[in-house]
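Have a look at the structure below, then the notes.
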Amino acid sequence: LLAKAQGPKAMGLYVGLAVLFQLLWLPRMWSLMVAGLFFGPLLGIGLSAAADLMSAALVFALARFSGRSYVAALLQRRPKAQALVEVLAQRRGLMTVFALRALPVHYTAASYAAGFAGVGWGTYLLGTALGILPGTVLFTFVGDGVRDPTSPWFWVSIGIMLLVIIAGLVLARRFWRSVRR
């Protein structure tokens with residue numbers, strides 16, 4: 001579908017599909033790599049950031065305004081998301097939102113949790129925008145490198161991606177330990 005579209009139509013289709021996939025709780029790294037593959041790193045980063053911010057705002061608004069009983073029931077089926085609510089309810093600051101975006105925490109769950117916990121709009125959007133940048137840049141460059149898997153840049157980006165994932169997991173573990181104290 002995306003491969004057949006061109007120009008602004010392809011860009012709009014990508015953003016719409018990326019938002020939809022995130023609303024369906026699918027991992028965002030795949031849409032980031034698709035952006036790099038189809039649009040190259042620079043345009044891919046811009047389109048991905050736009051899609052990520054749109055989906056984050058939609059889910060946040062849904063959690064804030066659609067009825068706490070619906071969101072509470074949704075989060076009860078996902079214990080990790082419920083833990084995020086507890087963290088955000090205690091620490092509603094910019095650094096907490098940034099950390100949840102920069103660390104390997106499920107994107108949609110973090111959006112629901114932030115909205116449910118009552119994080120302010122400005123704090124949430126700024127923390128989200130800053131926190132998504134490292135992953136957006138990294139995964140979009142990996143997607144761009146897929147075009148030529150024999151190039152050294154592709155393998156360097158894969159190596160960096162693996163290092164970032166491992167470092168993110170270590171930092172996430174430390175973050176969760178510090179929060180539970």
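With respect to A114, determine if the residue is in a helix (DSSP H, G or I), open to solvent by less than 60 Å² (accessible area, probe 1.4 Å) and without any contact (Cβ under 8 Å) to a residue 60 or more places away in the chain.
yes
Would you pick out the residues in the range 1-36 that are open to solvent by 70 Å² or more (accessible area, probe 1.4 Å) and in a helix (DSSP H, G or I)? Before you say what the answer is, go through the steps one by one.
Going residue by residue through the range 1-36, those that are open to solvent by 70 Å² or more (accessible area, probe 1.4 Å) are 1, 3-4, 6, 8-9, 20-21, 24, 26-27, 30.
P8, K9, L20, F21, W30, listed by residue number.
Can you find a residue in the range 65-81 that is within 17 Å of the chain's Cα centre (by Cα), assigned to a helix (DSSP H, G or I) and closer than 15 Å to A110 by Cα?
yes
Mind listing whichever residues of the range 139-159 are open to solvent by 20 Å² or more (accessible area, probe 1.4 Å) and either within 22 Å of L100 (Cβ to Cβ) or in contact (Cβ under 8 Å) with a residue 40 or more places away in the chain (or both)?
Once the filter is applied, which keeps residues that are open to solvent by 20 Å² or more (accessible area, probe 1.4 Å) and either within 22 Å of L100 (Cβ to Cβ) or in contact (Cβ under 8 Å) with a residue 40 or more places away in the chain (or both), the range 139-159 yields F139, F141, D144, V146, R147.
Just need a number here: residues in the range 37-74 that are crowded, with 21+ Cβ neighbours inside 10 Å and modelled with pLDDT under 75. Break it down stepwise before answering.
Here is the first cut: in the range 37-74, the residues crowded, with 21+ Cβ neighbours inside 10 Å are 39, 44-45, 47-48, 51-52, 55-56, 59-60, 63, 71.
Those still in the list that are modelled with pLDDT under 75 too: 71.
Residues that pass the stated criteria total 1.
The values are calculated or read from the model by the stated rules, or taken from the named source; none is laboratory data. Just so we're clear, the structure is a prediction, and the values are computed from it rather than from any experiment. With ideal geometry, Cβ positions are generated from the backbone for all residues, glycine too; neighbour counts draw on all protein chains shown. To get the accessible areas, we keep the full protein, side chains included, count just its heavy atoms, and leave off ligands, DNA and RNA. Shrake-Rupley method; radii C 1.70, N 1.55, O 1.52, S 1.80 Å.
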